[in-house]
Amino acid sequence: MTAPSTTGVTLTDAAAAKAKALIDQEGRDDLRLRIAVQPGGCSGLRYQLFFDDRELDGDNVTEFGGVKLAVDRMSAPYLDGSTIDYADTIEAQGFTIDNPNATSTCACGDSFH
């Protein structure tokens, strides 16, 4: 696993490999994985994790295993020290976000406070 980057967020090898595979499926080289925090959800703030072709003013971008991870400047303080992982097991499948700044989370894991 790589140390946190200038984005303050770490993308594990498994998450980087899955994101790269999904980008390669799209056949585009201009996409980056973006993580952002938006108001909403049952706990006050909600994660957004998506592929984006935009470059926003103030973005922090770090590359992990050929995948560019972007964090906008408004979301960065909420995500500092977070780790994005990817699981593909019987118990769980998909991207997960481990955020040490979250004081509480909802049962669905999509929002935090």
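The values are calculated or read from the model by the stated rules, or taken from the named source; none is laboratory data. As the structure is a prediction and not an experimental result, all values here were calculated from the model. Using ideal geometry, Cβ is built from the backbone for each residue, glycine included, and neighbour counts are taken over all protein chains shown. Keep in mind that these areas ignore ligands, DNA and RNA; they rest on the heavy atoms of the full protein, side chains included. Shrake-Rupley method; radii C 1.70, N 1.55, O 1.52, S 1.80 Å.
Here are a few things to note about the model shown:
- Gly8, sole failed condition from (1) open to solvent by 50 Å² or more (accessible area, probe 1.4 Å); (2) outside any strand (DSSP E or B): (1)
- Segment 76-102 - residue that is among the hydroxyl-bearing types (Ser, Thr, Tyr) and closer than 14 Å to Leu33 by Cα and, of those, surrounded by the fewest Cβ atoms within 10 Å (Cβ to Cβ): Thr96
- Those strands (runs of 3 or more DSSP E) lying entirely in segment 65-113 with at least 1 residues under 14 Å from Leu45 (Cα atoms), at pLDDT 90 or above and in contact with a Pro (Cβ under 8 Å, 6 or more places away or on another chain): none
- Taking first residues from segment 30-51 that are closer than 13 Å to Ile97 by Cα and in a strand (DSSP E or B) and partners that are hydrophobic (A, V, I, L, M, F, W, C) and modelled with pLDDT under 85, the Cβ contacts under 7 Å between residues at least 6 apart in sequence or on separate chains come to Val37/Leu45.
- Residue in segment 22-40 that is modelled with pLDDT under 95, open to solvent by 80 Å² or more (accessible area, probe 1.4 Å) and of a type in the set (A, V, I, L, M) present: no
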